[in-house]
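The values are calculated or read from the model by the stated rules, or taken from the named source; none is laboratory data. Remember, it's a predicted structure, so these values are computed and weren't measured experimentally. Cβ: placed from backbone, ideal geometry, glycine included. Neighbour counts: every protein chain shown. We work out accessible area using only protein heavy atoms, side chains counted, and drop any ligands, DNA or RNA first. Shrake-Rupley method; radii C 1.70, N 1.55, O 1.52, S 1.80 Å.
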Amino acid sequence: IYADPAKRLELYFRPKDPYCHPVCANRFPTSTMLLRVRRRSKKKQQLDAEEQIQPEVQFEMEILGIVTTVYKFQGMSDFQYLAMHSGPDGKQTSMYDKVLMLQPEKEEFFNRDLPLYIPPPIFSRLDTPVDYFYRPDIQHRSGYNNPQVSGENLIGLSRARRPHNAIFVNFDDEEIPTKPLDAAVQNWKKVCTNPVDKKVEEELRKLFEARPVWSRNAVKANISVHPDKLKVLLPYLAYYMLTGPWRSLWVRFGYDPRKQPEAKIYQVLDFRIRCGMKYGYAATDMPVKAKRSTYNYSLPITVKKQGSHTVSVHDLKQGLGSAGTSGAKKSPSSRYKLKESVYIFREGALPPYRQMFYQLCDLNVESLQKIIHRNDGTESECTERDGWCLAKTSDDLRDSMSLMIKQIIRSTRPALFSNTTSSEDGKEQLAYESGEDEDDEEEEEEDFKPSDGSENEMETEILDYV
């Protein structure tokens, strides 16, 4: 716990009870001293029988060290749930020996008839008292109508989602939009109230004129715009592709990549860094971090919870897009810009994350571009899986990129590949990764199936623009 400043110290009143709910302490910096105090008493000699002996007391103090961190239990203790059963006569019976399996048991242990015992899955999310401001439920008032919510499968919303009025297009749709929705135009005009916003709009227009298809990360790496303002600006200038070779990308209004063979270079490649013992390194050996991890998850029971700054329309009007925040360290032209590595793949450099969405024109490696342009001038059909490229072009690109990444890892961590020293092994390994061995390629195909439409990041982006 001490090694991670974000974690809280847990105290279990019954450490051996798996159903014990802990109390949590918060970490605080301090500058105090740890003292050792000794109290020594020395009895005086008794001179008179009637005189009481008063011992002589001496204190010795010693400084052992300096304390820089303390943990304070400031929250309230939650309910404790015991594995007990109340009989008809009110007598409590312990069920720990019946529900806890402390050693391998036979089948009879699982087939016994026991009283129903279901502990709560979670206790209070907060351990500090909060004031609840009761408000009347407006849904029970006469004449109230539920708000209109776009989408049929949205569950558990406390309010209607703020619409950003993006237009979503599937690969099978016959027509593509030529202009934005009226609501998207009104939203942007409402927010665009200062010269900085108009400059950002012109910059994004120029990007779409030079290149009709962009990913959101690529836009963020080329212009400096607040993420909340970009949610309003993108639906004003482009539509969003849901499926097909341009899925998860923003396309300029009026441009149909399905009818333009030169749009091949704008197709998306869902690339994931391969790891495992068959590749010579495990996930823990990867020098590239994952975007999300279940190991870093912590329950929201913090006493000192930092308040998140919610961006309002007023904040956006004040120029939060580029130069509204005063005293910032970064210049207005680069405050919200991302690095080029979030959308460009270069030889000799590792991707920032284990899963990346690259556009084919952003693969800045000559050998990869040769694979992409193998059928230049002979494109006859645009398919949903491969677009204007040859069949299995994405698989060939992934194999080549994986080989490049493995060579980088081999150069930075040679100890991982110390067992493959002979030249013959190296040749077999390169042939295997390059897809020259058909049998191994078939085995690889079963293990790694490229996604026709990855939804882990794409779904999050869609919800931002519904």
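Beta carbons within 10 angstrom, averaged per residue: use that to sort the peptides 86-98, 360-372, highest first.
Top to bottom by mean Cβ count within 10 Å: 360-372, 86-98.
Could you do me a favour and compute the accessible area per residue for segment 167-219, 1.4 Å probe, result in Å²?
57 Å²
Return the long-range amide H neighbours of GLN74 (sequence gap of 5 or more, or a different chain), with a cut-off of under 5 Å between placed amide H atoms.
ASN26
If you take the Cα Rg of segment 1-110 and divide it by 2.2 N^0.38 Å, with N the number of residues, what do you get?
2.00
Past 21 Å, Cα to Cα, is the threshold; run LYS189/LYS337; LYS198/LYS339; LYS229/LYS337; LYS7/LYS337 against it and keep the listed order.
Exceeds cut-off: LYS189/LYS337; LYS198/LYS339; LYS7/LYS337.
For the peptides 58-65, 261-268, what is the packing order when you average, over each peptide's residues, the other Cβ atoms within 10 Å and list the highest mean first?
With the highest mean Cβ count within 10 Å placed first, the list reads 261-268, 58-65.
How large is ³J(HN,Hα) for each residue in segment 62-74, as worked out from phi by the Karplus curve 6.51 cos²θ - 1.76 cosθ + 1.60 (θ = phi - 60°), to whole Hz, x for Gly and Pro?
9, 8, 8, x, 10, 9, 9, 9, 10, 10, 10, 8, 10
What is the gain in length, in nm to one decimal, between LYS370 and VAL185 on full extension, counting 0.36 nm per residue of separation less the C-alpha to C-alpha distance?
Gain on extension, LYS370 to VAL185, equals 62.5 nm.
May I have the pair-distance distribution P(r) for segment 187-252, computed from all Cα-Cα distances with 10 Å bins from 0 and rounded to whole percent?
P(r) for segment 187-252, in whole percents per bin: 21, 57, 20, 2.
Spin-label point model (7 Å from Cα, Cβ direction): what's the SER31 to PHE59 distance in nm?
Going from the SER31 label point to the PHE59 one covers 2.5 nm.
Computed FRET efficiency, Cβ-Cβ of ARG14 and GLU108, R0 22 Å: what is it to the nearest 0.05?
According to the calculation, E is roughly 0.15.
Per the 1.4 Å probe, what fraction of the accessible area of segment 341-380, in percent, lies on carbon and sulfur atoms?
On segment 341-380, the fraction of accessible area on carbon and sulfur atoms equals 46 percent.
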